[in-house]
Every structure is written in C-alpha cells, then in structure tokens.
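Report on one structure; see the data block that follows.
The values are calculated or read from the model by the stated rules, or taken from the named source; none is laboratory data. On a predicted model such as this, the values are computed, not experimentally measured, just so you know. For neighbour counting, all protein chains shown are included, and Cβ atoms are generated from backbone atoms with ideal geometry for every residue, glycine included.
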C-alpha cells in the first residue's frame, strides 16, 4: 500500500535511560516533517535487579510514560507505529510479561530488536539527518552511547557496512563505577579500562576500515557537546582534549552532589560520568580527533525504516530473505511455489482466524526459507533451519519476528510439539499454530517439487480449531496425497487441531 498524502508515522524508542517518541508527517514523495517530540527519563536500565528482572518500580515508571505516549498515538493504525525495546529489554528475564503490559499502555505492538539491528537503525537515522547523499562515497563512523549499550557503525550513504553493539552504556557504567557519587581518579581509571576492554575486539578492524567523518548520536553525546559549548571549549565539535577538561572538573568536585557543570542538567547528572568515560575510551581506542553531534538517532531511523516498508522493494526484510536464499543455495522455484500456496490458504482463512497482514508477511518469508536447514543436514533439517534463523543477525527483523520465522520453520514438518508455542502468549500462540498449519499443508501439497500442487483445492473452510479442504478429483486418484494427509491429521491432533479432507 503506497504512502498517503500527509500520512502520520510515530516511532517509539524504549531506551535503557530515556523513552523517546517522535511523530512525523510524510508526503507521497517520502518527505518528512516533524510534528511532535516527546522524551522522558525512565531509567529502565537501573531497574534491573540482581536476578535480571525489571523491578515493579521501574515497570510502573515505564508504563506511566507509555500511557502518556499512547494518549498521543492511540488512534494511529499499528502499521504506522514503530515501537522498539533495546538493551534492557534484551537483558530482562521478565521482558515478555512486561511487554504485554507495555503494549496495552501504548496501544500498539512493541518489538525487541537485537544490538546490531539497533545499530543499523541508528545509522539510518543519522544518515538521513545529515543528508548522506551529499557525499555517497564517503565513509562515516557513527557512535551512539545509550543507557545499556554502545553502538558503533561504519557506513556509506544510507547503508551501514559494519555494525557493532557493545555491552556498556551510561546507565550501566555509572551504576557500576560511580553509583555512590564518588568521582575519584581511581574510579575514572576503572571505568575507562572496562570500556577499553569492551572495545578491544573491534578497534583494530574498525581503524583498518577507516572513515572520513565521525558523528555522535544520543542523549549522552548531545549532553557532552552542550557542556563543551557552555564552557566555551569549542563551538560545535567534540574532542578528546575538551572531554579531558570536563573530566578534570568532575575529579576536582570529588562528589557528584557537589558537581556544578555548566550545561549539565540535573536529570542527566546521575549518568553523565559513565557516558563520558565511554566516549573518551572510544576516542582513544579508535584514534578519533573530532566528532560532530547529530540530531538523528534510533527513532528517526525507525521512521525511515517504516516509510521504506510502504514500498515492498525497499523493505530490508525481503532483501535479507533473498540474501539467505542465495547464501544457502535454496531452491527458489520450489520455495516460491510453497509461498504461493501458503498465502492462498492464508487468504482463505484470514477472516475467520482474524489474521493480520503482518502475519501474512511472516508466513511468506518462512515459506521462502523453510529449507534453509538442508545446508547443515537433510536429517532433521527443520530443526537446523530453526536454529539458524533464531541465531543469525537478520537485518531488518526484530527479535520476535526472527523467533516467529524460527518456530514456523521448526514446526513445518514431522511431529509438532505444543511446548514450541509456549514462548508466545495465548493469542500469539494460537496465531503461530494457524501459520504453522498453513505452512505444513503448503509444503505437503508441493512434495513432488514439480512447481504445481499435487491436487487442486476446490474449497477451504476454516473454523477456530479446524480446517476443511475439498480437493478436485477423487481419493483414489490422489491416494499418496491422502496418505500424507492422514498422517498429518495425527500430527495436528497432538496440538488439538482438526484437519478434514475430502474430494
């Protein structure tokens, strides 16, 4: 579906330090105009307890914020809202239970994205904010220090070439090294040593690739840039020497409670030391001389990603799936035949089973890569395929979308275990079962690999716990097919689903 005139799109970033929301208007040519920006310091990252669970207090802060965000965008169709959780959501053991409440508060689905996907989206947001097409051949390094992770990306134009997400952020760093408010030299040394250890595996490869410009994104880097300007150390750029001046002033203050630093807000002060230590370490490890501050970040990247999805040829997820087909030398003709049949069955069942267009896309992609496990072994290839899809960094896909693909490929043949759907809540588990049934039938109907279905389906009737298929011809004519279908009935009975077939 093409973009409409003055279409509104919202992006919500559930960061480890702050929650952000941006609302934009997009015209038919894809030009973006910002209508609204909202930000609240939720400190979600500091709400992880020793067991790795989000505390009740942190959850309540987050839900109250999302309720306010939801009041602004509740009437938006969910296709026009991109909401993602980042590092803390990746780490929290009770993330799914919290996300169920969060989605209710916001009024829209929320996805958890991997660190590398977060990095890619950050670069996309920065590139658009800077006008990457001015010098499409120039490489740019982008650094984003969030509350729980730091992303480093090298890219050209609007495309990220190298992406890394490191487990260090302004919230976690401040909590680990400056939690009691002491700003001594020994604390700074420990904080920067820890950051350099995280950077060590990538610093040589990044320096070897090189770049022509460096941009910084996120609240931490913006705050550092503002302090540098307020202290009149520089007008625009950030340099290591200027950050060292700030560090010296913080050491002189000795305690966070006594720190008076021009340009540093009280809200940012508790996490400033951890963020500054990380950025100084990045400068030293990568030999960065100067960095400009970008207005674009993850939320802007989410907006442009959502715009791209209105043009199927620009949807990165489809390109990623095509890349997998090429990399693992999948039989594209067979995959396309299975896809076509699976989607035809989906369309016949969509209304009764209340399936969304997003689920249709997931079924299509699962059909296209359902044989990916053959690259490992023919025996149990559905299991190998599920493992690959669960653990690859699939560009464009949220973590939960990858899990959907993995589950569908895992359950597309042989015995189907109910426990495989237990990771979903009740509604999603039922939807996953429906998609699994459709993919199983599509692969079964193309068992001959001729490109044509074994038998033409004349009628499809869906009910809440069953599916009835009426085939052209007679059972004797399709004896092998009906033998397969009889076996399939037994498999589906184990998950309390009835398959009825006749001619």
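Can you find a residue that is out of contact with any helix residue (DSSP H, G or I) (no Cβ under 8 Å at 6 or more places or on another chain) and either modelled with pLDDT under 95 or within 17 Å of residue 339 (Cβ to Cβ) (or both) anywhere in region 402-415? For region 402-415, residues out of contact with any helix residue (DSSP H, G or I) (no Cβ under 8 Å at 6 or more places or on another chain) and either modelled with pLDDT under 95 or within 17 Å of residue 339 (Cβ to Cβ) (or both): absent.
Scanning region 246-262 for residues that are surrounded by 14 or more Cβ atoms within 10 Å (Cβ to Cβ) and free of Cβ contacts under 8 Å to residues at least 60 places away in the same chain returns 246, 247, 249, 261. Within region 1-34, the residues that satisfy the criterion of being surrounded by 13 or more Cβ atoms within 10 Å (Cβ to Cβ), free of Cβ contacts under 8 Å to residues at least 60 places away in the same chain and touching a strand residue (DSSP E or B) at 6+ places or on another chain (Cβ under 7 Å) are 19, 23, 25.
The number of residues in region 314-356 that are in a loop (DSSP other than H, G, I, E, B) and either over 23 Å from residue 413 (Cβ atoms) or touching a strand residue (DSSP E or B) at 6+ places or on another chain (Cβ under 6 Å) (or both) comes to 3.
Annotation: residue 130 fulfils all but one of (1) surrounded by fewer than 24 Cβ atoms within 10 Å (Cβ to Cβ); (2) not assigned by TED's automatic domain parsing to the domain that holds residue 223; the unmet one is (2).
Of the residues making up region 198-237, those that are under 14 Å from residue 277 (Cβ atoms) and either in contact (Cβ under 8 Å) with a residue 60 or more places away in the chain or in contact with a strand residue (DSSP E or B) (Cβ under 9 Å, 6 or more places away or on another chain) (or both) number 5. Is it the case that some residue within region 365-372 is under 20 Å from residue 306 (Cα atoms), modelled with pLDDT under 95 and buried (at least 20 other Cβ atoms within 10 Å of the Cβ)? Among the residues of region 365-372, not one is under 20 Å from residue 306 (Cα atoms), modelled with pLDDT under 95 and buried (at least 20 other Cβ atoms within 10 Å of the Cβ), which makes the answer no. Taken over region 20-40, the residue count meeting the criterion of being outside any loop (DSSP other than H, G, I, E, B) and under 19 Å from residue 311 (Cα atoms) is 4. Going residue by residue through region 459-479, is there one that turns out to be at pLDDT below 95, over 25 Å from residue 368 (Cα atoms) and part of a helix (DSSP H, G or I)? Checked against the condition, which is being at pLDDT below 95, over 25 Å from residue 368 (Cα atoms) and part of a helix (DSSP H, G or I), region 459-479 yields at least one hit. Reported count of residues in region 376-401, each being in a helix (DSSP H, G or I), more than 26 Å from the chain's Cα centre (by Cα) and either in the same structural domain as residue 95 (by TED's automatic domain parsing) or under 30 Å from residue 161 (Cα atoms) (or both), is 0.
If you go through region 82-90 one residue at a time, do you hit one that is assigned by TED's automatic domain parsing to the domain that holds residue 17, farther than 19 Å from residue 41 by Cα, in contact with a helix residue (DSSP H, G or I) (Cβ under 6 Å, 6 or more places away or on another chain) and at pLDDT 95 or above? Checking region 82-90: at least one residue is assigned by TED's automatic domain parsing to the domain that holds residue 17, farther than 19 Å from residue 41 by Cα, in contact with a helix residue (DSSP H, G or I) (Cβ under 6 Å, 6 or more places away or on another chain) and at pLDDT 95 or above.
Residues satisfying the criterion are absent from region 473-484 (criterion: surrounded by fewer than 13 Cβ atoms within 10 Å (Cβ to Cβ), in the same structural domain as residue 333 (by TED's automatic domain parsing), farther than 16 Å from residue 346 by Cα and touching a strand residue (DSSP E or B) at 6+ places or on another chain (Cβ under 8 Å)). What do you reckon, is residue 147 touching a residue at least 12 places away in the same chain (Cβ under 8 Å), more than 20 Å from residue 46 (Cβ to Cβ), in contact with a strand residue (DSSP E or B) (Cβ under 8 Å, 6 or more places away or on another chain) and outside any strand (DSSP E or B)? So residue 147 fails the test.
Only one entry in 256, 240 is in the same structural domain as residue 178 (by TED's automatic domain parsing), in contact with a helix residue (DSSP H, G or I) (Cβ under 7 Å, 6 or more places away or on another chain) and more than 20 Å from residue 286 (Cα to Cα), namely 256. Could you list, in sequence order, all residues of region 95-142 that are part of a loop (DSSP other than H, G, I, E, B) and touching a strand residue (DSSP E or B) at 6+ places or on another chain (Cβ under 6 Å)? 108, 110, 113, listed by residue number. What tally of residues in region 318-340 results from selecting those that are surrounded by 14 or more Cβ atoms within 10 Å (Cβ to Cβ) and either under 15 Å from residue 126 (Cα atoms) or touching a helix residue (DSSP H, G or I) at 6+ places or on another chain (Cβ under 7 Å) (or both)? Residues in region 318-340 being surrounded by 14 or more Cβ atoms within 10 Å (Cβ to Cβ) and either under 15 Å from residue 126 (Cα atoms) or touching a helix residue (DSSP H, G or I) at 6+ places or on another chain (Cβ under 7 Å) (or both): 9 in total.
The single condition from (1) modelled with pLDDT under 95; (2) outside the structural domain of residue 143 (by TED's automatic domain parsing) that residue 265 fails is (2). Taking the criterion of being without any contact (Cβ under 8 Å) to a residue 60 or more places away in the chain and crowded, with 22+ Cβ neighbours inside 10 Å, the only residue of region 86-97 that qualifies is 92.
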